[in-house]
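What follows is a set of notes on a single structure, which appears directly below.
The values are calculated or read from the model by the stated rules, or taken from the named source; none is laboratory data. Keep in mind it's a predicted model, so treat the numbers as computed, not measured. Just the protein is used for accessible areas: all its heavy atoms, side chains included, with ligands, DNA and RNA removed. Shrake-Rupley method; radii C 1.70, N 1.55, O 1.52, S 1.80 Å.
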Amino acid sequence: MKTLVSRAFLTGVALCAAAGEALAHASERGHVLLLPTDYYLFGGMLSVALSFLVLVFLPVHGFERLSARRVALFPMPLDGRSLLSTLSFLALAGLVFAGFHGSRDPLSNPLPLVIWTLLWVGVTIVQGVLGNVWDWINPWYGPWRMLVRAGVPKDGFWRLPAWLGMWPAFVTLFGFAWFELVYLAPSDPERLAIAVSLYWGFTFAGMVLFGHERWSGRVEFLSLFFTMLSRLSFFALEAGDRGRRLVIGLPGYKLGEAAALPLSGIAFLLLALSSVSFDGLTHTFFWLDLIGINPLEFPGRSAVVGANSLGLALMFVLLFSAFMGAVWLGCRFVGEADVVKTGGLLAWSIIPIALAYHFSHYLVGFTINSQYALAALSDPLMQGWNLFGTAGMHVQAGATLGARSAWLIWNAQAVAIIGGHVLAVVLSHLIAYRHFGSARVATISQIPLAALMVGYTVFGLWLLSAPTVG
């Protein structure tokens, strides 16, 4: 109890002392709820380890059949993808206009709230749970289809070189992560409006020149990341004899049909995970002490641009090396020569962990900032409008305050982290079984990766419990 009180006191002092420029990204944790450490760390580590041991003794054939089952719900005869995408483009154009001409306050202007909260947090969770909604609401498909109908070639004018793989998407994702986590003012409405406009134009030009599908699958990081996440979801649209139908299955059932990712795809997926983990790390007293910053006298983001840029890259390098090292060691155990292909298959099991970290890390910020978003969308230009009846709503910060709320948030975060890792262990075991064709060989090959997942579970829970600034 004394430990918790002292941590709360230090955190409060840090929050008061850390008075820097207020243009941080909209998902900063305005309310810091530190996860209690001991029982959560031990329980999480034990849960993931036991889940692997249980898989060793249970017949994998039953899991294989169960994971492949899907149930058809009802037909989906209408395809409104072009219409919804066009509406999404018009909405984005309106948000960019608000970014240039609306309030400079990131909590009053709808652009940063929609980009950092509703899109980067909300849509990510929807993709991983419900399915590939992004295919219908991305702001490029509708305008691109209009040009195709006007005579632009569907496959574009040029071809992307095969040797590029998914490295262009890796670069754009790293740029996005750097802008969000390191850049001085990622939520400044005008600067964000410029960034969004440039990225939309760059992406649309690429889709016209190289084709929508190729550009979305190899360069545009949002489409690639969201498509990967949707393979974990419960729902999907499948083509049948009588047209498309909506089906439902267990999480990850679509991974049975997934081909091995290239090395660039593995790097892309691990960068998505490492960047969110690094976002949590940068707020900890541990990181600030490591880079020589007094957390009780935080000088602002401008003082840590170099250190955080290097840290973002190093976090990816460490995770990528650990993952590929675990895969290589597992392959050595069973005499498998193709480490990259095996890693490309097993990388799909990282998706539950990436989704769990996203949910846990942004949960508190989303709870608060989604309310600000609803209010800002009703009056995007601060003209006294009330378009959706939410302009005057009072933001309920109490949703994250109090013992009961803290208990709910702690347990939601812990369950997500532990559950994501347990599901990752199960999916990794199934993928290894399909690849090697033997339950015994699959189990032996998974020992290093299971150990890595246990360690990363502890790391994730520690991030949620460590004293933080901001």
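Table for the structure above
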| read-out | value |
| --- | --- |
| Global geometry of the range 260-394, whether rounded, prolate or oblate, following the gyration tensor of its Cα atoms and the 1.5 cut on a/c | oblate |
| At 0.692 mPa s and 37 °C, Stokes diffusion of the range 430-470 via Kirkwood alpha-carbon radius, µm² per second | 271 µm²/s |
| Cα-only Debye scattering, the range 145-294: base-10 log of I(q)/I(0) at q = 0.09, 0.18, 0.19 Å⁻¹ | -0.41, -1.23, -1.28 |
| Accessible heavy-atom area order of Leu224, Leu250, highest first, probe of 1.4 Å | Leu250, Leu224 |
| Semi-axes of the equivalent ellipsoid for the range 57-128, Cα gyration tensor, largest first, Å | 41, 20, 7 |
| The range 329-457 - convex hull of the alpha-carbon atoms, volume per residue in Å³ | 138 Å³ |
| Solvent-accessible ranking of Met207, Met382, Met393, Met315, largest area first, probe 1.4 Å | Met382, Met393, Met315, Met207 |
| Computed accessible area, Leu464, all protein chains, 1.4 angstrom probe, square angstrom | 20 Å² |
| Area of Leu246 that stays accessible when all protein chains are in place (1.4 Å probe, Å², to 10) | 30 Å² |
| Accessible heavy-atom area order of Lys254, Lys341, highest first, probe of 1.4 Å | Lys341, Lys254 |
| Cα gyration tensor category, rounded, prolate or oblate, for the range 190-255 with a/c compared to 1.5 | prolate |
